[in-house]
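Presented below is the structure to which this report refers.
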Amino acid sequence: MNSSVTYYSRKVHRYLGIFIGVQFLLWTLGGLYFSWTDIEEIRGEHLRSEVKTVSNSQDLVSPSLALSEISHENAKLKTIQLVEILGNPFYEIVLTAENGKEKTFVADATTGKVRKEFTKAEASEIASNSLLKKSRVRSIEVLTEENVGAHHEYREKPLPAYAVNFEYPSDLTVYVSGATGKVESFRTNKWRIFDFLWMLHTMDYNGRDNINNYILRAFSILGIATIFSGFVLFFITSPVFRKRNISK
């Protein structure tokens, strides 16, 4: 009976090890990259110029005038802040709907008029102004719900948006919100490597960020089974266990 248990324990452990070993290696490689890289560099923060602040001025109108321009029935005001866009002062107004979704508006702080969607040329200028070191714009892409997949590097952020690609050695793309003119994110090759390894880590090959998917759950269980099969194999093949069986 002991030899039978040993045989099957070896077989189970061997095949589980081969099957789960590749994923263990990917998890380890991802963990090494995550722990040995600077998250600020991954996010491209070292490439950003300092954000300019706008001081209050007597020339600015009351934020209530801007709010009166916005249809916000059944929506609650979350925040209002004064921001600078292309050298001009704007009120950035965030409203929260009953379903919890947020919507952001920008209104001219000198007139109270709600700003229309920013153009490609304006997005290009905004993106260029956000850089610490100036670079030439290579291309601009308009992003909408139709052309942004769940795995796109611009995820869970307001649409439409502009992807402004620069001639940077790190293949930099700056994402600018079309509605607010806000620089939403910087993406470089370091971030893309991070995102690819994160996908392998979470095993969410569609949206990247769902850590409750069934593939990850299954591999987690198989990983535990591999570890326990190793413990069982060690125990039943140890000299102490074999001596006890012989003495019986």
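Things to note:
- What the chain shows is 63 Å² of accessible area per residue, with the surface traced by a 1.4 Å probe over protein heavy atoms.
- Folded to 0 to 90 degrees: helix 189-202 orientation relative to the chain principal axis, Cα: 50 degrees
- Trypsin sites (Lys or Arg not before Pro) within the stretch 77-167: DSSP coil, no more than 10 neighbouring Cβ in 10 Å: Lys101, Lys116, Lys133, Lys134, Arg136
- Förster radius 41 Å - calculated FRET efficiency between Tyr205 and Glu69 (Cβ-Cβ, nearest 0.05): 0.40
- Within the accessible area of the chain (1.4 Å probe), percent carbon and sulfur: 57 percent
- Normalised contact order of the stretch 87-246, rounded percent, pairs of Cα under 8 Å and 6 or more residues apart: 14 percent
- Projecting the Cα atoms of Thr79, Ser130, Leu197 onto the charge dipole of the chain, computed from C-beta unit charges around the Cα centre, puts Leu197 farthest toward the positive end.
- Filter on Lys76/Lys116; Lys133/Lys157; Lys78/Lys157; Lys78/Lys134 - keep pairs with C-alpha separation over 27 Å: Lys78/Lys134
The values are calculated or read from the model by the stated rules, or taken from the named source; none is laboratory data. All values reported here derive from a predicted model rather than from experimental measurement. Quick reminder, even Gly has a Cβ in these numbers, built from the backbone with ideal geometry, and neighbours come from all protein chains shown. Remember, those area values only see protein heavy atoms, side chains included, never the ligands or the DNA or RNA. Shrake-Rupley method; radii C 1.70, N 1.55, O 1.52, S 1.80 Å.
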